[in-house]
Amino acid sequence: MSNKIPPPIVTLFFGLCIYLSRSYFPEFSSSVLSSLSVISFVIGISVFVAAVSSFKKQETTVNPISIEKASSLVVDGIFKYSRNPMYLGMSFILLGLTFKFNVIGGLLFTIIFMLFITIFQIKPEEVAMEKLFDQEWKDYIKNVRRWL
């Protein structure tokens, strides 16, 4: 694959961008935003953990940098609803930071994160998955969306 930056590092980078750019955007604070922050963060962690658990259950690699080592296509559990629940979870974590620290800038950075991950991580992974799992992959993508 062309991308050699682990997605958790990309998420950390965008999380720092959300936090450190907060002084450049208008500040919004309310109990609703605080609640949305916690809810988004909990959803993000839950989705991420569910995805990793599905990989571990099928005893295949979680490492997206060496996807060619995947031994099976995971289609159960949370993967019935999203082809990329780990990245979806990371996006919800970023939304949690957005609602807590920087609503406007955070939304911009979360969208940029999702575009970056789609272009440089997901699309190359999809090419690799098609090579590894051919028809099984083609059948899977007909029924399950990329994000949600």
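Observations, loosely collected:
- Cα long-axis angle, helix 123-143 against the chain (0 to 90 degrees, to the nearest 10): 80 degrees
- For the chain, the longest piece that avoids every one of the GluC sites (Glu not before Pro) found in DSSP loops with at most 10 other C-beta atoms within 10 Å covers 60-148.
- Helix 31-57 vs. the chain, principal-axis angle (Cα, 0 to 90°, nearest 10): 20 degrees
- Sparse-neighbour loop sites [trypsin sites (Lys or Arg not before Pro); the stretch 1-65; at most 15 other C-beta within 10 Å; DSSP]: 4
- Between 0 and 90°, nearest 10: helix 7-20 axis offset from the chain longest Cα axis: 10 degrees
- Computed lengthening from residue 144 to residue 58, 0.36 nm per intervening residue step minus Cα-Cα distance: 29.1 nm
- Couplings 3J(HN,Hα) of the stretch 80-88, computed from phi: 6, 10, 8, 6, 9, x, 5, 6, 4 Hz, in residue order, whole Hz [Karplus 6.51 cos²θ - 1.76 cosθ + 1.60, θ = phi - 60°; x for Gly and Pro].
- Carbon + sulfur, % of accessible area of the stretch 47-107 - ligands and nucleic acids excluded, 1.4 Å: 63 percent
- Residue 27 versus residue 130: modelled label distance in nm, points set 7 Å from Cα along the beta carbon direction: 4.9 nm
- Approximate spin-label separation residue 19-residue 71, in nm, with each point projected 7 Å along Cα-to-Cβ: 3.7 nm
- Accessible surface calculations at 1.4 Å, restricted to protein heavy atoms, place the stretch 37-148 at 53 Å² per residue.
- Taking trypsin sites (Lys or Arg not before Pro) across the stretch 73-146, the ones in a DSSP loop with at most 15 further Cβ atoms lying within 10 angstrom of their Cβ are 145, 146.
The values are calculated or read from the model by the stated rules, or taken from the named source; none is laboratory data. Everything numeric in this text was worked out from a predicted model, so none of it was measured. Backbone-built Cβ (ideal geometry, glycine too); neighbour counts: all protein chains shown. Accessible surface areas use protein heavy atoms only, side chains included; no ligands, DNA or RNA. Shrake-Rupley method; radii C 1.70, N 1.55, O 1.52, S 1.80 Å.
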